[in-house]
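The values are calculated or read from the model by the stated rules, or taken from the named source; none is laboratory data. Small disclaimer: the values here were computed from a predicted structure and weren't measured. For neighbour counting, all protein chains shown are included, and Cβ atoms are generated from backbone atoms with ideal geometry for every residue, glycine included. All accessible areas refer to the heavy atoms of the entire protein, side chains included, with ligands and DNA or RNA removed. Shrake-Rupley method; radii C 1.70, N 1.55, O 1.52, S 1.80 Å.
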Amino acid sequence: MPTLDDILENVGEFDRFQKQTFFVLCLLSAAFTPVYVGVVFFGFIPEHRCFSPGVAELSQRSRGPGSASRCRRYEVDWNATGVSCTDPLGSLVGNWSAVPLGPCRDGWVYDSPGTSLVTEFNLVCEDSWKLDFFQSSVNAGFFIGSINIGYIADRFGRKFCLLNTILANVVCGILLVFVPTYLWIVILRFLQGLVSKGCWTAGYILVTEVVGPKYRRTVGILYQTAFSVGLLVFDAIAYAIPHWRWLQLTVTLPSCFFLLYYWCLPESPRWLISQGKNDKAMKIVSDMAKKNQKKMPSRFEDITFEEEDGGKQSPSLIDLVRTPQMRKNTFILMYNWFTSSVLYQGLIMHMGVAAGNMYLDFLYSALVEFPAAFIIIATIDRVGRRYPWAAANLVAGAACLVTALIPEDIYWLKVIAACIGRMGITMAFEMVCFVNTELYPTYIRNLGVMVCSSLCDVGGVIVPFIVYRLVEVWHDLPLIVFTVLGLIAGGLVVFLPETKGRVLPETVEDVENFHGQSAPKAKKIYLHVQTSE
């Protein structure tokens, strides 16, 4: 009996129909960028100083007292003293301890041509934690939404999930532009996270389900590369529009056009078959053949699933840790998802508080994601998964250490080292996405990916506090934390089994035998084909 993949070989595995679907979904992947890394520009932290009437240059005169006065002001009645107005601090040199400090009652002065959440709501000093909470809220939304939206995609279909999450994301994005309070901004940011990651994941699933098996992994990697293209576009728009509310509106309005996908995007035929909607699935396959200018075999009239082994297994969380190999895989994958998120988002956030040109630094670090994707494509089927993945984590960790140790006056070298770290963690992030699916048996594969990848969102919740709090102790201290996490992740990956050339496991026993035996024989799912008399 032929499988659906066999039918795709007849009607086209990656022809015009699939290329059109791939292109429109890559646009969706690129549009996810502002939600995931928007804090870099929406929450940009400019140089600032406590405002003291009549003493405009108070925080610019010296590093010690000057930096202290960013959050406190000197309690001096300048008009009642003989201090010169042209050089108010000059006469106080050597006598700083005698000058009392008080809170900033008159606000702050920001050295920035634009606006951000920080400048609008004064998220500095005692309120600086609110910027951390702003980014953590969207990752909390990712965490909850990835579970709920994943259920919707499996229950009601990929296309239904995409369209509804797109609509919700557009509504939240537009409301963000107009709400006047910090609290409502955080709530709407959380709601955006609730729907956005599920939307991106549904697109990833759909694009891999409409192509043939030979192209599935490459298409999945390129779908993630489209996100990197979105980084470049977002950087250019942010440079042209330095005001965060106008920037939010500009990146949200184009998403309205994604609602047109109702007419140009197909439902996944695999999902339709799994739901017993065989007529609709065959209609899409017929449209696929017509679009690809291929002839649909006349003998295909109906499709149903038949399994070699009629027994079904119910997924359980306990199955993820019940046996030794499954337990080891689960914990190592969970840690790598966590580390990939912390290093990827952390490097982006740390760049936002660095001393260089934020837009150029963002551009350089985004460009290195493209060679990362091509290195993966070139090595995974030649070298394998395990060693390139381990090397990527080790390179990311080592690059973070080198970046921290390079002096500030050699800033160009720090940027190069940071970009190498960004390339390494991008490779690691993209590899954990598909290796995770190769290490779990079929009946528990979706649950395994969902549970392990949830640690990615936990890392996203924690990383703003790691970056923004530790930089107050030492600017490069977050990089030391990233180094430790990355090196441990690289070492742990070596203990995972190599999946190159192995069929996907179908049972827990297949997973347990991965190390010692030849590739397990997979249970096949067939398409029952009824031929006309």
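How high is the relative contact order of region 315-511, in percent, counting Cα pairs under 8 Å that sit 6 or more residues apart? Don't skip to the answer; put the middle values down first.
Details: 269 pairs, mean separation 75.8, N = 197.
Answer for region 315-511 is 38 percent.
Residue 183 to residue 410: extension gain in nm, 0.36 nm per residue of separation minus the Cα-Cα distance? Mind dumping the intermediate values first?
Details: separation 227, 0.36 × 227 = 81.72 nm, distance 4.06 nm.
Using 0.36 nm per residue and subtracting the Cα-Cα distance, I get 77.7 nm.
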For this session: Determine the dipole magnitude for region 315-511: charges of +1 sit on the beta-carbon of Lys and Arg, -1 on that of Asp and Glu, nothing else is charged, the reference point is the Cα centre, and the result goes in debye to the nearest 20.
Result: 340
Seminar exercise, completed: HN-Hα couplings for region 286-294 via Karplus (6.51, -1.76, 1.60; θ = phi - 60°), in whole Hz with x for Gly/Pro, come out as 5, 4, 4, 5, 5, 5, 7, 6, 10
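Can you put 23, 41 in order of accessible area, largest first, using a 1.4 Å probe?
Details: 23 125, 41 15 Å².
Highest to lowest solvent-accessible surface, that is 23, 41.
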Exercise. If each of residue 9 and residue 287 carries a label point 7 Å out from its Cα toward its Cβ, how far apart are those two points in nm?
Worked result: 2.6
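For the pairs 214/500; 214/280; 19/290, flag any whose C-alpha to C-alpha distance is greater than 19 Å.
Numbers: 214/500 14 Å; 214/280 25 Å; 19/290 14 Å.
The answer is 214/280.
Given N residues in region 315-511, what is its alpha carbon radius of gyration divided by 2.2 N^0.38 Å? Intermediate results must be reported in sequence, preceding the final value.
Details: Rg = 17.4 Å, N = 197, 2.2 N^0.38 = 16.4 Å.
That ratio works out to 1.06.
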Problem set entry | Filter on 159/283; 130/414; 197/283 - keep pairs with C-alpha separation over 19 Å | 130/414; 197/283
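By how many nm would the segment from residue 121 to residue 148 lengthen if fully extended, with 0.36 nm per residue of separation less the alpha-carbon distance? Before the final figure, lay out each step's value.
Details: separation 27, 0.36 × 27 = 9.72 nm, distance 3.24 nm.
Full-extension gain reported as 6.5 nm.
Summing Lys, Arg as +1 and Asp, Glu as -1, what charge do residues with Cβ under 14 Å from the Cβ of residue 321 carry, residue 321 excluded?
On the way: positive: 322, 327, 328; negative: 319, 512.
So the environment of residue 321 carries a net charge of +1.
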Problem set entry | Accessible surface of residue 512 - all protein chains present, 1.4 Å probe, nearest 10 Å² | 60
